[in-house]
Amino acid sequence: MTTSRSFMLICTVGIFSFISYNMVRMPALSLFAESLGASPERIGLIVSVSTLTGVLLKLPSGALSDIYGRRVLLKIGVVAFGLPPFLYPFITDVDALTALRFLHGLATAIFAPSALATVAELYRERRGAALGTYTACTQSGSLLGPFLGGYLIHAAGFSTAFITSGIFGCIGMLLFYSLHLDVAVPQRKEQGMAVVLSEMWKGFAAVAKNRKVLITSVTDAAKMIANGALMAFLPLYGVSVGLNPGEVGLLFTVQAGTSFFSKPIMGRVSDRVGRQPLIILGLCICAGTFVCIPFVSLFPILLLLSAGFGFGEAVVSSSSSALVADSSEFKRLGAGMGMQGTIMDIGHASGPLLAGLLIANLSYPMAFAIIAGIQLVAAGVFWVTISRLETVPS
């Protein structure tokens, strides 16, 4: 396959896989957990636990892709997208749901770092635009998945939504296995486990010393705290102010749709004007829209706020992934993307947990205000740290 065809394959598989994944995540997961009797704190745990899989595995899987090649890890990842959704209809208690979410989290933990590193390798000179386009394609899963899932729950129940999710995941899996992805495979001799672990550790150490990668990833994690909080509690808040599951799903669809159309454009802008200013601007937009949500009950205004948050996400994400790639050694791209994914997932997992505790003990407005404040603090710290790194030799 040519570079463009390989890129199209990655993007197409990403679309189907993330439609499947997001049909389960938003708004189905929170509503399904609530139907099983979960408390706000437990709902936060259930929503975050799949992200905890990413915290544990994204960095190792990214490093392994540097050693064994991207294709091997991608093959495993698409299977993890396609099969777990068929198990959800058999879940009857919150403990089993928690365990299944941890298993389902293998999908993004294994697939995402390798896919991002593949795109960064395919387009070394136009990474911002290429990564923006790829992440926009995966974002289309957040565009269509919540709408389809919410509508199917409203019209036919949870089981229908989960089975349909599995069908989308299997389409992505079949596409990947039926077409050949043309990416470089590392030339290596047979290696024992000790040598492989040593190579992984070298990748970890190189990335851990890279301060630009670390501060960019931590800043992205602040955005993901808010994203995780919305994923867990916007469905419950929406239902509490009179929306039905289909309308709640549409809120996520509008958020993802705005991000989908904005990411390629903002990626090109970041190639021209620089990554740092856009990351700060995006965080401020996310914080401003996020803090307003619990003061609004009208559906059209909630749609506007969701769109604004999606645009802020696009501004941050299209620049942060490119900045991490720019700052990573070529042979450590997988580890760099894995480090970013791991730190982002720490934020993403923390969002539902933090929001659950704050909402249970304070209120929706106070919880959202505190989380918005975290984003603003992160923007300020990022600005100061990057400025110092650019003026002081490493």
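Key figures for this structure:
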| quantity | calculated |
| --- | --- |
| Residue within the stretch 49-68 that is crowded, with 24+ Cβ neighbours inside 10 Å, assigned to a helix (DSSP H, G or I), touching a Pro at 6+ places or on another chain (Cβ under 7 Å) and at pLDDT 85 or above present | no |
| The one condition in (1) at pLDDT 90 or above; (2) open to solvent by 10 Å² or more (accessible area, probe 1.4 Å); (3) at negative phi that LEU29 fails to fulfil | (2) |
| Single condition PRO40 does not satisfy, out of (1) open to solvent by less than 10 Å² (accessible area, probe 1.4 Å); (2) more than 24 Å from LEU144 (Cβ to Cβ); (3) modelled with pLDDT of 85 or more | (1) |
| Residue among PHE176, PHE260 that alone is closer than 24 Å to GLU121 by Cβ, buried (at least 22 other Cβ atoms within 10 Å of the Cβ) and at pLDDT 90 or above | PHE176 |
| Qualifying residue in the stretch 152-165 (condition: at pLDDT 85 or above and in contact with a Ser or Thr (Cβ under 6 Å, 6 or more places away or on another chain)) | yes |
| Test: residue in the stretch 218-230 that is modelled with pLDDT of 90 or more and outside any helix (DSSP H, G or I) | no |
| Among the residues listed as LEU87, LEU103, LEU9, LEU57, the single one being of a type outside the set (Lys, Arg) and within 27 Å of VAL218 (Cβ to Cβ) | LEU57 |
| Given (1) modelled with pLDDT of 85 or more; (2) aliphatic (A, V, I, L, M); (3) surrounded by fewer than 23 Cβ atoms within 10 Å (Cβ to Cβ), number of the condition VAL273 does not satisfy | (1) |
| Residues (in contact (Cβ under 8 Å) with a residue 60 or more places away in the chain, over 19 Å from the mean Cα position of the chain (by Cα) and farther than 16 Å from VAL316 by Cβ) located in the stretch 242-272 | ASN244, PRO245, GLY246, GLU247, VAL248 |
| Any hit, the stretch 76-94, residues being buried (at least 24 other Cβ atoms within 10 Å of the Cβ), more than 30 Å from ARG272 (Cβ to Cβ), touching a Lys or Arg at 6+ places or on another chain (Cβ under 6 Å) and not basic (Lys, Arg) | no |
| First in the stretch 113-134 and open to solvent by 30 Å² or more (accessible area, probe 1.4 Å), second anywhere and part of a loop (DSSP other than H, G, I, E, B), Cβ under 9 Å, 6 or more apart | GLU121/VAL183; GLU121/ALA184; LEU122/VAL183 |
| Some residue of the stretch 257-267 being within 23 Å of GLY347 (Cβ to Cβ) and not in a helix (DSSP H, G or I) | no |
| Residue identified as farther than 21 Å from ILE386 by Cβ, open to solvent by less than 30 Å² (accessible area, probe 1.4 Å) and either assigned to a helix (DSSP H, G or I) or at pLDDT 90 or above (or both) among GLY312, GLY308 | GLY308 |
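The values are calculated or read from the model by the stated rules, or taken from the named source; none is laboratory data. This structure is a prediction, so every number in the text was calculated from the model and none was measured. We place every Cβ from the backbone using ideal geometry, glycine too, and count neighbours over all the protein chains shown. Each accessible area value is taken on the protein alone, full model and side chains, heavy atoms only, with ligands, DNA and RNA left out. Shrake-Rupley method; radii C 1.70, N 1.55, O 1.52, S 1.80 Å.
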